[in-house]
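First comes the structure, then the notes that go with it.
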Amino acid sequence: MNTPRYQGKSQAPYFWVLFFSGTLSVSGCASTETSVVDANASAPVVSPADPYENFNRSMYGFNMGLDKYLLKPVADGYTYITPDVMKTGVTNFFNNLKGINVVLNDLLQGKFGQSASDLGRFTTNTTIGLGGLFDVATPLGMQQNVEDFGQTMAVWGVDQGPYLVLPILGPTTVRDGSGTILDRAANPGTYVMGTGIVEGINERANAESALNFIDEAALDPYVFTRESFLQYRENLVNDGKTDADSFDLDIDEALNEDDEPVSSSAPIATTDPQKKKLENNPADEVSDSADKSLELAADNTTIEAFDNMSKSFDEALIEFEQASEKMDKISKRHHRHKHY
């Protein structure tokens, strides 16, 4: 059958650029200092996760050349002629199609609560969002989750396997490559001719910033891409959890141990003031004396201020009495003159 073969080829660019759309979000976690060459050795150091590095580097170079002369020009033309609103709608549409696969893998991983949320998101965007062209679920609090068969196989205990860079398909692992086949089978867009081409071009256009970042910032773009991809996939498998979570638990346990009651066999601290005074550090005694001196000085200052205020009040009272006596004398004289 010609249709499946054509459809499979049309999906190839999408597989390759899918990773790059998420590279920028994990670029802070990727280490560009992970050199594949030991400065003190003549032979390159082979990463345990990348035993086929020579082959992978060759395929990486081939894919970069294909991107430079084919995929990038097409993506640039798509970006130039397509309004931003339309590009956003196309991205929303294909993200919504993946919702079926997300719900399925939620159930396979035992995430039943998340599966209900993801199903609600898919239903909302498909109906109210006009087939997924508009993302109306996110403002309603239904976040977008990323689940696929590669993560499901990891949960089931399938080993990651070696890192691989495949022609056109790009970076993957043995486990994720197998999961990708199942992901495409569960995506309704796989069975509609032409959707793979549009999706691949749109994804490549969205990945432009991430690819430029790799070219400009990475000392070794191949190592940067490999480490970013592996860490990104590990982050998805672990649902964003790291060793820091267990470290926090260890701290809590240590704090709980500190709160445990002291054993009855432990010696009881003495309350004898004389003995306690002898046990004190001389520097502490000097500090205590200084504190007491400051307290006495503060008390004396307060008392002195109160005395001064009292004296001022007494003086004002005396002056008031003297003024009252003068007023009385003046009043008596006035009455006498008026009487005569």
Test: Ser265 is polar (S, T, N, Q), at pLDDT below 55 and either surrounded by 10 or more Cβ atoms within 10 Å (Cβ to Cβ) or more than 25 Å from the chain's Cα centre (by Cα) (or both):
yes
Please specify each residue of the stretch 108-148 satisfying the condition of being within 18 Å of Pro188 (Cα to Cα) and aromatic (Phe, Trp, Tyr).
Phe122
Run down Asp118, Asp84 and say which single residue is among the acidic types (Asp, Glu) and free of Cβ contacts under 8 Å to residues at least 12 places away in the same chain.
Asp84
Whether any residue in the stretch 106-114 is surrounded by 14 or more Cβ atoms within 10 Å (Cβ to Cβ), among the small types (Gly, Ala, Ser) and out of contact with any Asp or Glu (no Cβ under 6 Å at 6 or more places or on another chain) is what I want to check.
no
Residues being within 25 Å of Thr195 (Cβ to Cβ) and assigned to a loop (DSSP other than H, G, I, E, B): count how many of those fall in the stretch 93-123.
1
Within the bounds of the stretch 165-187, is there any residue that is more than 30 Å from Ser47 (Cα to Cα), part of a loop (DSSP other than H, G, I, E, B) and assigned by TED's automatic domain parsing to the domain that holds Phe224?
yes
In the stretch 128-155, which residues are assigned to a loop (DSSP other than H, G, I, E, B), buried (at least 20 other Cβ atoms within 10 Å of the Cβ) and of a type in the set (A, V, I, L, M)?
Ala137
Can you say whether Phe134 is of a type in the set (Phe, Trp, Tyr) and under 24 Å from Tyr232 (Cα atoms), as far as the supplied structure shows?
no
Scanning the stretch 157-185 for residues that are touching a residue at least 40 places away in the same chain (Cβ under 8 Å) and among the hydrophobic types (A, V, I, L, M, F, W, C), which turns out surrounded by the fewest Cβ atoms within 10 Å (Cβ to Cβ)?
Ile168
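The values are calculated or read from the model by the stated rules, or taken from the named source; none is laboratory data. The model shown is predicted, which means the values in this text are computed figures rather than measured ones. We place every Cβ from the backbone using ideal geometry, glycine too, and count neighbours over all the protein chains shown.
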